[in-house]
Amino acid sequence: MKILGIETSCDETAAAIVENGQTILSNTVVSQIDIFAAYGGVIPEIAARSHLETILPVIDKALKDSEYTWSDLDAIAVTHTPGLLGSLLVGTLTARTLAILHQKPLYPIHHLKSHIYANWLEAQNPPIFPLLALVISGGHTQIIYMHKHHDFQIIGTTLDDAVGECFDKVAKILGLPYPGGPAIAEAAKSGNPTKYPLPHPQVTNLDFSFSGLKTAVLRAVQTELGLPISHPSTDLKNHLTPTQVADFAASFQSTAVNILLAKLSTALEAHPNTKSLVFAGGVAANQLLRQQTNKTFQDKLPIFFPDPSLSGDNAAMVAAAAFYEIKSGITPTDPYRLNISPRSVIS
């Protein structure tokens, strides 16, 4: 089964064709990172306009790269929730139109499901159920228990900032570029991860909180520089030395990774029948996280990380998720009735 996936939930315009949920026949992604680096974050109106300009050429390239035509495709899948309203509209309206024009079944896909199913792409030995999935990105931090395909139980979630959002905000404090995840990881390479001890938020159960960690970094920087808490956070970067930036980056990254893995350890204790540990989302590309995860869990159960190129937003994961929804008996959606939902819980 060959499925065209379309992804426009935030600032990547992407299209891909995937066969049987695993084999990538083509995968095209046009990123807007260069556009938003100057702003320090995504501006929804500009993102939607960029999607409008690139969506059809991206889909056309995905078809040409796969060397297939519309008649060869079995279905169309598109991200319809969650995400930026304008961005989602561009993707879904395009998918609806193409489904009607080419008479293909249409499958709306939840963005977080897509990230989880990135672990099935090009995998000779895919994850085994039941599994625990840690979804970590700029907008989400959740632990999800899956007993089977199309069965998602959220057992832990962030109470405030997502971990990726925290990376972005700390990077801004340190004067590092957007996106914050790669910038902090790069700066941390020459830093001392124990230089600045940072607290672990005291959150019960399996939930997360990262707003306090962000504030702790801010206060630690102000203290290190001998500046009052009233000093503007936007000016702190002008007083930091390269060594201090590297040490703060390393200390923050180490703390964030430790928080994530501590919660996962607790989740595994609560679900001892877990057969696989799956990571999903942009933060899953972090190399320290991968190293520490393998060190902590590799003797306990199989660990799955998507290829770094598939950790961020892409359309191959959308097509993969659709394939397993179809296998689970999910019926296609009427393209005349599909709506978007900027905020929606995975179910």
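The values are calculated or read from the model by the stated rules, or taken from the named source; none is laboratory data. What you see is a predicted model; the values in this text were computed from it and never measured. Here the Cβ is made from the backbone with ideal geometry for all residues, glycine too, and neighbour counts use every protein chain on show.
A few remarks follow.
- Test: residue in region 287-298 that is of a type in the set (A, V, I, L, M, F, W, C) and under 15 Å from the mean Cα position of the chain (by Cα): yes
- Residue check, Ser137 buried (at least 22 other Cβ atoms within 10 Å of the Cβ) and modelled with pLDDT under 95: yes
- Hey, Gly83 of a type outside the set (Phe, Trp, Tyr) and either free of Cβ contacts under 8 Å to residues at least 40 places away in the same chain or surrounded by fewer than 21 Cβ atoms within 10 Å (Cβ to Cβ) (or both) or not: no
- Conditions (1) surrounded by 17 or more Cβ atoms within 10 Å (Cβ to Cβ); (2) out of contact with any Asp or Glu (no Cβ under 7 Å at 6 or more places or on another chain); (3) more than 30 Å from Met317 (Cα to Cα); (4) not acidic (Asp, Glu); number of the one not met by Thr194: (1)
- Residues of region 199-214 classified as surrounded by 15 or more Cβ atoms within 10 Å (Cβ to Cβ) and free of Cβ contacts under 8 Å to residues at least 60 places away in the same chain, total: 8
- The residue that is surrounded by the fewest Cβ atoms within 10 Å (Cβ to Cβ), among those in region 305-334 that are among the aromatic types (Phe, Trp, Tyr) and closer than 18 Å to Ile76 by Cβ, is Tyr324.
- Test for Leu174: is it aliphatic (A, V, I, L, M), touching a helix residue (DSSP H, G or I) at 6+ places or on another chain (Cβ under 8 Å), touching a residue at least 12 places away in the same chain (Cβ under 8 Å) and in the same structural domain as Gly282 (by TED's automatic domain parsing): yes
- Hey, Ala123 of a type in the set (Gly, Ala, Ser), surrounded by fewer than 20 Cβ atoms within 10 Å (Cβ to Cβ) and either at pLDDT 95 or above or out of contact with any Phe, Trp or Tyr (no Cβ under 6 Å at 6 or more places or on another chain) (or both) or not: yes
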